[in-house]
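Below is one structure; the comments refer to it alone.
The values are calculated or read from the model by the stated rules, or taken from the named source; none is laboratory data. Just so you know, these numbers come straight off a predicted model, no measurement behind them. Methodologically, a virtual Cβ is constructed for each residue, glycine included, from the backbone with ideal geometry; neighbour enumeration extends over all protein chains shown. When the accessible area is computed, the model is the full protein with side chains, heavy atoms only, and any ligands, DNA or RNA have been set aside. Shrake-Rupley method; radii C 1.70, N 1.55, O 1.52, S 1.80 Å.
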Amino acid sequence: MSVAVLVFPGSNCDRDAARALARLGVKVRLVWHRDSFRDADGVVLPGGFSYGDYLRSGALAAHSPAIDGVRALAARGVPVLGICNGFQILCEAGLLPGALGVNRSRQFRCSWEHVRVEQALAEGAPVGTVWHLPIAHREGRWLSDAPTRERVRGDGEVWLRYCAADGSVSDASNPNGSLDHVAGLVRASVMGLMPHPERAAEAVLGGTDGARLLTAWASRTGVAS
Amino acid sequence: MAQFKRVVAVDLKPALLDPEGEAILGVLQHLGFPVTDVRVGKRIQVTVSAEGPEAADRAVAALAERVLANPVMETFQLQPTEGVPR
């Protein structure tokens, strides 16, 4: 029983994610992308710059053999969490809808933002919960065509939206120009978000809302002690 | 099987904002060029093994559709291959 944190060439938040989960009592192991993780009870695709982000962010990792393994686990309902580059990979792989394009500002945005829970996925994270989490990305602007956007709304696939501290949603609290202020998506057992919960998992890092998010996610894997 | 070279052009969909193109447009206008629009795309040259030119076109279209372009935000085109050995 353990959560596998996948390591692609160019991943750089893998150990942070593993440490954050381990501190929550989750049994976790780092898995090189060529190695097997068929027995995993949860999979994390960490942040970073997989394959140098060549072609498009996450595009090459999304077509690597490891994603076949992720797809197989997701089909069985095993929880999958993509963080930042991991979210980009899941969208490129078609496991989550839409795509992540260059920020409206054209800038790499490295800042703390608020996000609001739009889909309750575990106890301790009801709809309306506001978390303060750091983002660090240049390609984080969620895009989709109109039919997909409607389907995402209708199917309740928006997990997190950027918001103000009081939970209100407006363009002013959208750091990258994402359609519908999307910060994270969920489709069945697959979840992805641009913010970095593992960078807000200890008070010394400036916040602990990331630990709350990861606790809620880990409770879905059944691996939390 | 013979080797065939093909050139694939990948562009952002026209409806989508192109921040890189927008930045280049700003610089060009600042320099006084009479530019009104800039779009940045990618040009990718691939060599495939295939039975013939038509099979090569099909193979390249398939890999372009699946990997080289993201249909959510990009379109692709096999470009004329003048000057490129068929």
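Worth a mention:
- Hey, residue A:106 within 14 Å of chain B (Cβ to nearest Cβ), open to solvent by 10 Å² or more (accessible area, probe 1.4 Å) and at pLDDT below 95 or not: yes
- Test: residue in region A:217-224 that is part of a strand (DSSP E or B), at pLDDT below 95 and on the phi < 0 side of the Ramachandran plot: yes
- Screening A:73, A:100, A:81, A:90 for residues that are under 16 Å from the mean Cα position of the chain (by Cα) and not in a strand (DSSP E or B) leaves exactly one candidate, A:90.
- Pick from region B:49-79, criterion assigned to a helix (DSSP H, G or I) and within 11 Å of chain A (Cβ to nearest Cβ), ranking: farthest from residue A:139 (Cα to Cα): B:63
- Residues in region B:49-65 that are within 14 Å of the chain's Cα centre (by Cα) and open to solvent by less than 40 Å² (accessible area, probe 1.4 Å): B:60, B:61, B:64.
- Check on residue A:115, more than 26 Å from residue B:67 (Cβ to Cβ) and either outside any helix (DSSP H, G or I) or hydroxyl-bearing (Ser, Thr, Tyr) (or both): yes
- Output for region A:50-86, where each listed residue is away from chain B (no Cβ under 14 Å), open to solvent by less than 40 Å² (accessible area, probe 1.4 Å) and not β-branched (Val, Ile, Thr): A:50, A:66, A:69, A:73, A:74, A:79, A:81, A:82, A:84, A:85, A:86
- Within region B:6-48, being within 14 Å of chain A (Cβ to nearest Cβ), part of a helix (DSSP H, G or I) and open to solvent by 60 Å² or more (accessible area, probe 1.4 Å) holds for B:20, B:22, B:24, B:27.
- Looking only at region A:123-146, residues that are of a type in the set (Gly, Ala, Ser), open to solvent by 10 Å² or more (accessible area, probe 1.4 Å) and within 14 Å of another protein chain (Cβ to nearest Cβ) come to 2 in all.
- The single condition from (1) open to solvent by 60 Å² or more (accessible area, probe 1.4 Å); (2) under 17 Å from the mean Cα position of the chain (by Cα) that residue A:39 fails is (2).
- Residue A:120 fulfils the conditions (1) away from chain B (no Cβ under 14 Å); (2) in contact (Cβ under 8 Å) with a residue 12 or more places away in the chain; (3) under 16 Å from the mean Cα position of the chain (by Cα) except for a single criterion, (2).
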